[in-house]
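K.L.:
The structure's right below; bear with me while I get my questions together.
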Amino acid sequence: MQGVIVRATGNSLVICPPFIITEAEIDMVVAALVTALEQIYGQLPAG
């Protein structure tokens, strides 16, 4: 949904960026991951 391909493997996330990527694109990937994790965290039950 955020435009980044990510695969969960156990306790890790595998990111699939292109072979050639700019620093600005890396910043976009990190921002997208932060947004996605914040959305997921907000849906978790308290406790």
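Read-outs throughout are calculated quantities, based only on the coordinates presented, and are distinct from any laboratory measurement. Here the structure is a predicted model, which means the values were calculated and not measured. We place every Cβ from the backbone using ideal geometry, glycine too, and count neighbours over all the protein chains shown.
K.L.:
By average Cβ neighbour count within 10 Å, what is the ranking of 25-33, 8-16, 38-46 from highest down?
P.N.:
Sorting 25-33, 8-16, 38-46 by mean packing, highest first, produces 25-33, 8-16, 38-46.
K.L.:
Relative to the first principal axis of the alpha-carbon coordinates of the chain, what is the inclination of helix 23-43, with its axis defined by its Cα atoms, in degrees from 0 to 90 and to the nearest 10?
P.N.:
It works out to around 10 degrees.
K.L.:
Quick one, which of (i) 13.5, 36; (ii) 12.4, 42; (iii) 15.1, 47 is the actual Rg and Dmax of the Cα atoms in Å calculated for this model?
P.N.:
(ii)
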